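Heads up: the structure comes next, in structure tokens.
None of the figures in this text is laboratory data; all of them are computed from the coordinates on show. Predicted model only: the values in this text are computed from it and were never measured. Cβ placement follows ideal geometry from the backbone for every residue including glycine, while neighbour counts extend to all protein chains displayed.
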Amino acid sequence: MKLNGAKIFFECLKKEGVEVIFGFPGGSILDIYHEMPASGIRHILVRHEQGAAHMADGYARASGRVGVCLVTSGPGATNAVTGIATANMDSVPMVAFTGQVPTAMIGDDAFQEVDIIGITRPCTKHSYLVTDVSDLARTIKEAFFLARTGRPGPVVVDLPKDVLQAQAEFRYPRKVDLPGYHPTLEAHMGQIKRAYDHIRKAKRPVIYAGGGIITAGACDELTRFATLMKAPVTATLMGLGSFPAVVRDASGRKQLHPLWLGMLGMHGTYRANMAISHSDLLLAVGSRFDDRVTGRISGFAPKAKIVHIDIDPTSISKNVDVDIPIVGDCKNALQKLIAMAESEPVEDLDAVRAPWIEQIRQWEEAHPLSYKMEGDVIKPQFVIDKIYEISDGEAIITTEVGQNQMWTAQHYHFERPRTLLTSGGLGTMGYGFPAAIGAQVAFPDRLVIDIAGDGSIQMNIQEITTAVSNCLPVKVAILNNRYLGMVRQWQELFYDKNYSSTCLDTSPDFVKLAEAYGAVGLRASKPEEVEPILREAFSIQRPVFMDFTVSPEEGVFPIVPAGKSLSEMLLAEVTETKWSQAKSKDTP
Amino acid sequence: MEPGQEQRHTIGILVQNVPGVLARIAGLFSGRGFNIQSITASETHEPGLTRITLVTTGDDKIQAQIVKQLNKLINVIKVYDFREMEFVDREMALIKVRAEAQTRAEILRIVDIFRAKVVDVSPHFYTLEVTGNESKISAILELLGEMGIVEVARTGKAALARSKKH
């Protein structure tokens with residue numbers, strides 16, 4: 001039976017098991033919207049296409065399924081680009097469908113025409129312009145396959161209007177034929193043996209876990225291998241949740257996992273960064289040696305042999321030269337390492353590891369993550385501590401970008417994968433709120449909280465309507481310091497306290513704003529109000545905005561200044577003296 | 001090769017002949033700050049397949065990254081890293097050179113020595129066709145430079161691995 005392109009589109013999506021589309025209609029994509037009600041697929045109408053892309057992304061990261069967004073041509077497509085690029089940098093499986101002007105008009109500068117394939121080529125895993133309706137089903141099949149396999153990523157499918165109107169026989173291909181696409185999944189056994197040989201001999205091993213472990217579903221394997229080797233684990237921002245930060249002791253109380261180092265990098269813990277700097281063996285798994293992780297490259301893990309497991313060969317030896325590269329799926333590689341560790345265990349492992357574990361304990365004792373409560377002022381870290389405590393670590397947390405993101409990474413103890421959704425690679429302000437909506441769509445019964453700043457929440461605040469109209473009870477905790485806090489902190493530390501354009505003294509009243517949109521608004525301005533407000537918010541089955549008035553000039557520490565190595569991080573109390581010393585030198 | 005040392009390097013790329021494939025490759029190079037010295041592309045004997053030969057510069061680390069990044073493109077079927085194999089390469093150049101009564105004989109001698117061809121003659125110009133490796137083309141250009149070269153069109157290098165099949 002012949003179907004038109006729009007009907008074929010929905011048949012394909014049903015074959016892929018798509019349950020929800022995040023989108024916004026427009027002229028070029030109207031044929032699809034015409035078929036939408038009859039399709040049975042749920043549509044979440046957003047208020048800006050960037051929101052649609054981030055929601056599809058949040059849905060994908062929370063659930064592990066492919067997120068789908070749908071936008072019209074021209075500005076609809078360009079508005080989605082930031083969301084597509086965000087997904088690309090963080091390897092999120094997504095298919096973005098964009099409307100396009102009819103094929104005969106492509107290139108004529110038609111109304112709402114833009115070359116979205118050209119624009120998105122550098123920020124997608126792949127992209128397709130469909131010019132013939134008989135190619136549509138095959139293209140959609142390939143798009144979903146590419147999005148979710150190998151190193152996942154976003155795929156753009158551009159759909160000209162005439163293709164959606166033309167008729168073709170619908171047949172969904174059972175297999176894809178992509179002769180240039182063969183991701184290496186099996187880790188090479190010879191390399192695994194070499195790697196294990198180094199790991200077993202190591203005195204000061206560190207496992208550096210990235211988001212690839214979560215993507216590969218290899219978190220249990222990571223924990224198992226780390227435990228077998230008694231190897232401490234640090235994670236990147238994207239890797240948080242891949243290893244349980246806390247465990248329950250005999251009495252059922254939570255305490256930090258003895259092998260957990262916390263996050264590493266620019267705002268990593270003292271113990272994680274020191275462990276990296278003194279390690280003799282670094283096992284990097286599903287991570288890509290991002291500059292926010294390594295600091296100055298020549299000072300990164302200077303004493304360590306480096307083993308790097310990644311599914312993407314381009315990630316290996318791109319920034320940091322590694323000694324033993326292993327291309328493959330993290331789960332596959334870790335399973336093989338576990339088998340080796342079980343058949344050839346290290347003798348006297350406890351004794352071998354004791355000095356290293358003790359050294360790490362001393363680092364932690366010397367400089368734990370900390371903040372000072374001062375009088376009647378709410379410290380932002382305190383809000384996150386309370387969110388963790390009250391949610392019992394069971395929430396899905398999203399963040400915006402900046403201080404709110406780093407404090408969350410430091411102070412919320414992630415125990416499970418897919419409980420932190422954050423824009424790590426692209427660093428997209430305005431990501432967290434729509435991503436939380438997407439996650440809430442995937443898990444309607446779970447507590448989903450966006451930890452935001454007063455700056456970044458305003459970048460996609462229009463999506464409150466989306467949450468309200470779809471009865472999605474997301475919670476937003478705004479750490480309101482009336483600054484673009486992270487940029488202000490850099491100005492304080494590195495730009496002479498010249499607070500150029502970072503003071504947000506005219507923000508809206510977020511409580512009234514939430515109410516105007518039909519959501520609930522709550523405010524806390526004293527520490528003792530934080531807990532009751534959180535408890536109230538978590539008990540309301542509607543979207544809630546919580547405005548926490550926090551201390552305006554709190555900084556994120558430790559911080560590794562740009563161009564410095566990890567061991568040269570500035571700690572909170574040290575920074576004060578260092579700054580005043582520098583000041584007195586500069587201004588005699 | 002010493003780390004950090006820049007070198008010219010030839011890469012063969014077999015790609016699916018689909019719209020935009022050349023833009024993907026060119027975009028990869030510009031987006032990641034890699035160099036393209038020359039690029040040639042044309043269909044092969046196999047339907048739907050195009051072969052691209054690309055000459056680039058960079059140190060070993062960059063060359064390795066270029067090969068990996070090319071392999072990552074979905075439409076790229078195979079990348080021939082000619083650092084790792086014997087290969088033959090040829091380039092063709094069309095050279096329009098000033099040919100006056102007193103220089104014509106010398107030009108024709110050069111044409112003969114280089115096994116070039118005169119493909120167009122007009123009262124004051126010869127257009128020559130010469131094929132060879134890069135150094136041969138450079139050598140003839142240098143010699144003809146003294147006669148007065150008017151225009152040059154070089155195809156860029158085309159290359160194939162020497163052994164039977166890769």
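Where in the stretch B:87-143 are there GluC sites (Glu not before Pro) that are in a DSSP coil and have at most 12 other Cβ atoms within 10 angstrom of their Cβ?
Numbers: sites: B:GLU91, B:GLU100, B:GLU106, B:GLU129, B:GLU134, B:GLU142; in loops: B:GLU100.
Listed in order of number, the matching sites are B:GLU100.
Output wanted: per-residue J couplings in Hz (rounded whole) for the stretch A:310-318, from phi through Karplus 6.51 cos²θ - 1.76 cosθ + 1.60, θ = phi - 60°, x for Gly and Pro.
After applying 6.51 cos²θ - 1.76 cosθ + 1.60, I find 7, 7, 9, x, 5, 6, 8, 6, 7 Hz.
Can you list the HN-Hα couplings for the stretch B:55-63, worked out from phi with the Karplus curve (6.51, -1.76, 1.60; θ = phi - 60°), rounded to whole Hz and with x for Gly and Pro?
Karplus values, whole Hz, x for Gly and Pro: 10, 10, 10, x, 7, 4, 5, 5, 4.
Label points 7 Å out from Cα along the Cβ direction at B:MET85 and A:GLN255: separation in nm?
That separation, rounded to one decimal, is 6.0 nm.
Residues of the stretch A:161-194 with backbone nitrogen within less than 11 Å of a virtual label 7 Å along the Cα-to-Cβ line of A:LYS15, please, listed as ranges.
A:170-176
Per-residue Cβ counts within 10 Å, from other chains only, averaged over A:99-107: what number is that?
On the way: counts 0, 0, 0, 0, 0, 0, 0, 0, 0.
That average works out to 0.
Under a Cβ-Cβ cut-off of 15 Å, what is the net charge of the residues other than A:LYS305 that fall near it, where Lys and Arg count +1 and Asp and Glu count -1?
Working: positive: A:LYS193, A:ARG194, A:ARG200, A:LYS201, A:LYS203, A:ARG204, A:LYS303; negative: A:ASP197, A:ASP280, A:ASP321, A:ASP323.
So the surrounding residues net to +3.
In the structure displayed, which of A:LYS2/A:LYS141; A:LYS125/B:LYS78; A:LYS305/A:LYS331; A:LYS372/A:LYS526; A:LYS318/B:LYS68; A:LYS203/A:LYS303 lie more than 20 Å apart, Cα to Cα? Please report the intermediate quantities before stating the final value.
Working: A:LYS2/A:LYS141 18 Å; A:LYS125/B:LYS78 18 Å; A:LYS305/A:LYS331 22 Å; A:LYS372/A:LYS526 15 Å; A:LYS318/B:LYS68 10 Å; A:LYS203/A:LYS303 12 Å.
Beyond 20 Å between Cα atoms: A:LYS305/A:LYS331.
Is there a quick way to get the dipole size of the stretch A:2-169? I mean about its Cα centre, with the Cβ of Lys and Arg at +1 and of Asp and Glu at -1; what is the value in debye to the nearest 20?
On the way: 15 positive and 18 negative charges, 142 e Å.
With Lys and Arg at +1 and Asp and Glu at -1, about 680 debye.
Name the residue farthest towards the positive end of the dipole of chain A from the options A:ILE116, A:LEU259, A:SER242, assuming +1 on Cβ of Lys and Arg, -1 on Cβ of Asp and Glu, about the Cα centre.
It is A:LEU259.
What does the helix-only formula give at 222 nm for chain A: each DSSP H stretch with n ≥ 4 adding -39500 (n - 2.57), the total divided by the residues, and the result rounded to the nearest 500 deg cm²/dmol?
On the way: 22 runs with 232 residues, N = 588.
Only helices count here, giving -12000 deg cm²/dmol.
Measure nothing but the geometry: give the 0 to 90° angle between the long axis through the Cα atoms of B:21-31 and the longest principal axis through the Cα atoms of chain B, rounded to 10°.
80 degrees
Mind pulling the angle between the C-alpha long axis of helix B:134-145 and the longest principal axis of chain B? Nearest 10 degrees, somewhere in 0 to 90.
30 degrees
Run the numbers on the stretch A:115-227 and let me know its relative contact order in percent, using alpha-carbon pairs under 8 Å that are six or more apart. Mind dumping the intermediate values first?
Numbers: 88 pairs, mean separation 25.1, N = 113.
It comes to 22 percent, rounded to a whole number.
If you take every DSSP beta bridge fully contained in the protein assembly as shown, what fraction is antiparallel? Give it as a percent rounded to 5.
Numbers: 52 of 117 bridges.
Percentage antiparallel, nearest 5: 45.
Going by C-beta contacts inside 10 Å, put B:THR44, A:THR227, A:THR120, A:THR234 in order with the fewest on the left.
Values: B:THR44 12, A:THR227 15, A:THR120 24, A:THR234 28.
Exposure proxy ranking, most exposed first: B:THR44, A:THR227, A:THR120, A:THR234.
Could you tell me how many degrees, from 0 to 90 and to the nearest 10, lie between the Cα long axis of helix A:189-201 and the main elongation axis, the longest principal axis, of the Cα atoms of chain A?
Rounded to the nearest ten degrees, it is 20.
For A:VAL346, enumerate residues with amide H under 5 Å from its amide H, sequence gap 5+ or separate chain, H modeled in the peptide plane.
Sorted by chain and number, the residues that satisfy this come to none at all.
Distance from the Cα centre of the stretch A:282-323 to that of the stretch A:494-543, in angstrom?
Computed from Cα coordinates, the inter-centre distance equals 39 Å.
Once you have the Cα-Cα distance between B:GLU129 and B:LEU143, take 0.36 nm times their residue separation minus that, and quote the gain in nm to one decimal. Numbers along the way, then the final one.
Numbers: separation 14, 0.36 × 14 = 5.04 nm, distance 1.46 nm.
Gain on extension, B:GLU129 to B:LEU143, equals 3.6 nm.
Just to be sure I understand the model, the point goes 7 Å from the Cα along the line to the Cβ. What's the resulting A:THR184 to B:ALA161 distance in nm?
1.6 nm
Please name whichever of A:TYR270, A:TYR196, A:LEU282 sits farthest to the positive end of the charge dipole of the stretch A:189-366, dipole taken about the Cα centre and charges placed at Cβ: Lys and Arg +1, Asp and Glu -1.
The residue sitting farthest along the positive end of the dipole is A:TYR270.
Based solely on its DSSP helices, what 222 nm [θ] is calculated for chain B when runs of n ≥ 4 H residues each add -39,500 (n - 2.57) and the sum is averaged over all residues, nearest 500 deg cm²/dmol? All intermediate terms of the calculation are to be shown ahead of the outcome.
Details: 4 runs with 46 residues, N = 166.
For chain B, the value works out to -8500 deg cm²/dmol.
Roughly how many Å is it from the Cα centre of the stretch A:223-281 to that of the stretch A:150-178, as a whole number?
What the calculation gives is 43 Å, centre to centre.
Between A:GLU374 and A:LYS303, what length in nm is gained on full extension when 0.36 nm per residue of separation is reduced by their alpha carbon distance? Numbers along the way, then the final one.
Values: separation 71, 0.36 × 71 = 25.56 nm, distance 4.07 nm.
Length gained between A:GLU374 and A:LYS303: 21.5 nm.
Within the stretch B:51-90, report the trypsin sites (Lys or Arg not before Pro) that DSSP leaves as loop and that have at most 16 other Cβ atoms within 10 Å. Don't skip to the answer; put the middle values down first.
Details: sites: B:ARG51, B:LYS61, B:LYS68, B:LYS72, B:LYS78, B:ARG83, B:ARG90; in loops: B:ARG83.
Listed in order of number, the matching sites are B:ARG83.
Return the average number of partner chain Cβ atoms within 10 angstrom of each residue Cβ along peptide B:57-70.
Averaged over the peptide's residues, the number is 2.
Charges at C-beta only: +1 for Lys and Arg, -1 for Asp and Glu. How large is the resulting dipole of the protein assembly as shown about its Cα centre, in Debye rounded to 20? Walk me through the numbers on the way to the answer.
Values: 81 positive and 88 negative charges, 311 e Å.
My answer is approximately 1500 debye.
Once you average over the residues of A:316-329, how many Cβ atoms of partner chains fall within 10 Å of each Cβ? Please report the intermediate quantities before stating the final value.
On the way: counts 3, 4, 5, 1, 0, 2, 0, 0, 0, 0, 0, 1, 0, 0.
Counting other chains' Cβ atoms within 10 Å and averaging over A:316-329 gives 1.
Within the stretch A:129-226, report the trypsin sites (Lys or Arg not before Pro) that DSSP leaves as loop and that have at most 12 other Cβ atoms within 10 Å. Don't skip to the answer; put the middle values down first.
On the way: sites: A:ARG138, A:LYS141, A:ARG148, A:LYS161, A:ARG171, A:ARG174, A:LYS175, A:LYS193, A:ARG194, A:ARG200, A:LYS201, A:LYS203, A:ARG224; in loops: A:ARG171, A:ARG174, A:LYS175, A:LYS203.
When the trypsin sites (Lys or Arg not before Pro) of the stretch A:129-226 are filtered for loop state and at most 12 Cβ neighbours within 10 Å, A:ARG171, A:ARG174, A:LYS175, A:LYS203 remain.
Considering only DSSP beta bridges where both residues belong to the stretch A:2-169, give the percentage that are antiparallel (nearest 5).
Values: 3 of 25 bridges.
Percent antiparallel among DSSP bridges in the stretch A:2-169 is about 10.
Whole Å is fine, so just give me how far the alpha carbon centre of the stretch A:409-436 lies from that of the stretch B:66-104.
So the separation of the two Cα centres works out to 47 Å.
Applying 1/(1 + (r/R0)^6) with R0 = 25 Å to the Cβ-Cβ distance of A:GLU531 and A:PHE443, what FRET efficiency is obtained, to the nearest 0.05? Write down the numbers at each step before the final one.
Details: r = 25 Å, r/R0 = 0.98.
For R0 = 25 Å, the calculated efficiency reads 0.55.
Using Cβ counts within 10 Å as a stand-in for footprinting exposure, how do B:SER30, A:SER501, A:SER391, A:SER251 rank, fewest first?
Values: B:SER30 12, A:SER501 9, A:SER391 19, A:SER251 6.
The order, fewest Cβ neighbours first, is A:SER251, A:SER501, B:SER30, A:SER391.
Any chance you could run the full-extension gain for A:GLU568 through A:ASP291? It's 0.36 nm times the residue separation minus the Cα-Cα distance, nm to one decimal. Numbers along the way, then the final one.
Numbers: separation 277, 0.36 × 277 = 99.72 nm, distance 1.49 nm.
Going from the current span to full extension adds 98.2 nm.
How do A:MET406, A:MET340 line up, fewest other C-beta atoms within 10 Å first?
Numbers: A:MET406 25, A:MET340 20.
The order, fewest Cβ neighbours first, is A:MET340, A:MET406.
Ordered by residue, what ³J(HN,Hα) values in Hz, to whole numbers, does the stretch A:30-43 give under the Karplus form 6.51 cos²θ - 1.76 cosθ + 1.60, where θ = phi - 60° and Gly and Pro are x?
Taking θ as phi minus 60°, the curve returns 4, 5, 5, 5, 5, 8, 4, x, 6, 6, x, 8, 6, 10 Hz for the stretch A:30-43.
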